[in-house]
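The values are calculated or read from the model by the stated rules, or taken from the named source; none is laboratory data. For clarity, every value in this text was computed on a predicted model and none was experimentally measured. All Cβ positions, glycine included, derive from the backbone under ideal geometry; neighbour counts span all protein chains shown.
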Amino acid sequence: MLENCEKDSKNYFEPAGLCLIAAIFSRRFIDTIGKKILKEAAETKEEVKDAKQKIELQQSTLDQIVKQVINALPPFENTVEENKEEKDNDTTILH
């Protein structure tokens, strides 16, 4: 193709036109890929935000359940004192 260009200057239009078309479409291709990547990144960011909100809600619910369970348990100090009394009673019975 370039050999023909040396013979006639009109033949330069063909390779120049092909280069121009390649440049136009490659730019459009790169722009399209870039937009697609940015769109997917935005979607992923939104999904992460939603997942974080769900986790925070579950953590809040779990915290409430733990508080209810803790409040339902007898106080620890009383339990320790009761255990001491029971052990004292057990040892006096054995003696």
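For the list (1) assigned to a helix (DSSP H, G or I); (2) over 22 Å from the mean Cα position of the chain (by Cα); (3) modelled with pLDDT under 95, I need the number of the one condition that residue 65 fails.
For residue 65, the exception is condition (3).
Of these, 37, 70, 55, which one is surrounded by fewer than 10 Cβ atoms within 10 Å (Cβ to Cβ) and either part of a helix (DSSP H, G or I) or touching a strand residue (DSSP E or B) at 6+ places or on another chain (Cβ under 9 Å) (or both)?
The match here is 70.
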